[in-house]
Amino acid sequence: EIAFQSNVDPYARADFFVSIARNPAGGFETELEEGYLMTLELPSSLQLRMGKFRTTFGKINNIHPHALNFVDVPNVYKNYLGDDGLNDEGFSLSYLIPNPFDFYQELTTEVLRTPDVSPSFLRSNADRFLFVGHLKNFWDLSDNSTFEFGLSEATGPNDSDYTTNLTGLDFTYKWKPLQFNTYQSFIWQTEFLFSNKKKTSSSKENTFGMYSLITQQLDKRVLCTVRYDYSNLPDNKNYIERSYSATIGWLATEFQKLEIQFKRTTISSSSTSFNQVFLRSVFVIGAHGAHAY
């Protein structure tokens, strides 16, 4: 992945991410993963993003996979949003909601072209758009801990020329003590996704998926993540996929990490089970911007 990021002027910045990946047919191919313009000085705490970008649906869809503490995306993301997540062209408007209470709220609304290929959505010939909304709520519980609750909604055309509605709930608890923040941290993160797919004028399919994970920092450079996955398919509630995985990550520096993950998956509908082992090396050359908290 190659990143081109710069301020355009005092009022906007541009971000482009180009990925180079092996083509199953042979050789390598290049793809624009993200390319957008983002405003910096709109009034009323508004921020506008225009172009191609990872949508603000759920907790991890808008995070580049290399920044996650596990190698593969959760099954529910793969089965409902695709291997590359929900990534589309359009515009996004976010608003920092003022409130008299002691917590942070951000509302994001997005209008997108609708992906050409996606498990849940499919661009229609009638130029129907994909609409996405996300409400983020964030509390400082103490000097050492925070809690985040998010509510997501996506609605758009599907492969049956009708509409699919996705509703997501995400919960994240983080603990990072001020005195030992370099050596200790703990994260408990859970997401639920509910799908309502209209297949004909008189029939709908209601399906469900979720994951829950715990990440424990064992040392200054060592992280351990355990995760449980459960998922149907968007149009098949009888398909049940369960997985258990564990990941050990070694952070050599801020610019380099090595991870190994073991995952066991069972598919109840076909009574099959299989194991996978993933090994990933990530390194960064040049300036490295901070990841979203």
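Only strands (runs of 3 or more DSSP E) whose full extent lies in region 66-149 are considered here, and the ones with at least 2 residues that are open to solvent by 20 Å² or more (accessible area, probe 1.4 Å) and aliphatic (A, V, I, L, M) are 87-96, 104-112.
Out of all the residues in region 172-202, which are open to solvent by 90 Å² or more (accessible area, probe 1.4 Å) and aliphatic (A, V, I, L, M)? 178, the sole residue that qualifies.
Residues checked against (1) of a type outside the set (Gly, Ala, Ser); (2) touching a residue at least 60 places away in the same chain (Cβ under 8 Å); (3) more than 30 Å from residue 128 (Cβ to Cβ); (4) touching a Lys or Arg at 6+ places or on another chain (Cβ under 9 Å):
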{"position": "5", "(1), (2), (3), (4)": "yes, yes, yes, yes"}
{"position": "14", "(1), (2), (3), (4)": "no, no, no, no"}
{"position": "22", "(1), (2), (3), (4)": "yes, no, yes, no"}
{"position": "25", "(1), (2), (3), (4)": "no, no, yes, no"}
{"position": "28", "(1), (2), (3), (4)": "yes, no, yes, yes"}
{"position": "39", "(1), (2), (3), (4)": "yes, no, no, yes"}
{"position": "42", "(1), (2), (3), (4)": "yes, no, no, no"}
{"position": "51", "(1), (2), (3), (4)": "no, no, no, no"}
{"position": "58", "(1), (2), (3), (4)": "no, yes, no, no"}
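If the condition is being within 21 Å of residue 209 (Cα to Cα), touching a residue at least 24 places away in the same chain (Cβ under 8 Å) and outside any strand (DSSP E or B), then region 253-275 contributes 268, 269.
Applying a threshold of 7 Å to beta carbon distances and a minimum spacing of six or more residues, or different chains, the list of pairs starting in region 122-142 at a residue that is free of Cβ contacts under 8 Å to residues at least 40 places away in the same chain and ending at one that is open to solvent by 80 Å² or more (accessible area, probe 1.4 Å) and of a type outside the set (A, V, I, L, M, F, W, C) reads 122/159; 123/116; 124/161; 138/104. With respect to the conditions (1) free of Cβ contacts under 8 Å to residues at least 40 places away in the same chain; (2) in a loop (DSSP other than H, G, I, E, B), residue 188 falls short on a single one, namely (2).
Are any residues in region 235-286 aliphatic (A, V, I, L, M) and within 23 Å of the chain's Cα centre (by Cα), and if so, which ones?
Scanning region 235-286 gives 240, 246, 248, 251, 258, 260, 277, 279, 282, 284.
Inclusion of residue 262 among residues that are open to solvent by 80 Å² or more (accessible area, probe 1.4 Å) and not polar (S, T, N, Q) is warranted.
Condition check ((1) acidic (Asp, Glu); (2) within 27 Å of residue 134 (Cβ to Cβ); (3) without any contact (Cβ under 8 Å) to a residue 24 or more places away in the chain; (4) assigned to a strand (DSSP E or B)) across all residues:
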| site | (1), (2), (3), (4) |
| --- | --- |
| 155 | no, yes, no, yes |
| 159 | yes, yes, no, no |
| 180 | no, no, yes, no |
| 197 | no, yes, no, yes |
| 231 | no, yes, no, yes |
| 241 | yes, yes, no, yes |
| 248 | no, no, no, yes |
| 251 | no, no, no, yes |
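Evaluation of residue 56 against the conditions (1) surrounded by fewer than 20 Cβ atoms within 10 Å (Cβ to Cβ); (2) on the phi < 0 side of the Ramachandran plot; (3) not aromatic (Phe, Trp, Tyr) shows that the sole unmet condition is (1). Taking first residues from region 97-118 that are closer than 22 Å to residue 79 by Cβ and partners that are of a type in the set (S, T, N, Q), the Cβ contacts under 6 Å between residues at least 6 apart in sequence or on separate chains come to 110/55; 110/92.
The values are calculated or read from the model by the stated rules, or taken from the named source; none is laboratory data. Here the structure is a predicted model, which means the values were calculated and not measured. Counting neighbours? That spans all protein chains shown, and the Cβs are built from the backbone with ideal geometry, glycine included. Side chains included, ligands, DNA and RNA excluded: accessible areas come from the protein's heavy atoms. Shrake-Rupley method; radii C 1.70, N 1.55, O 1.52, S 1.80 Å.
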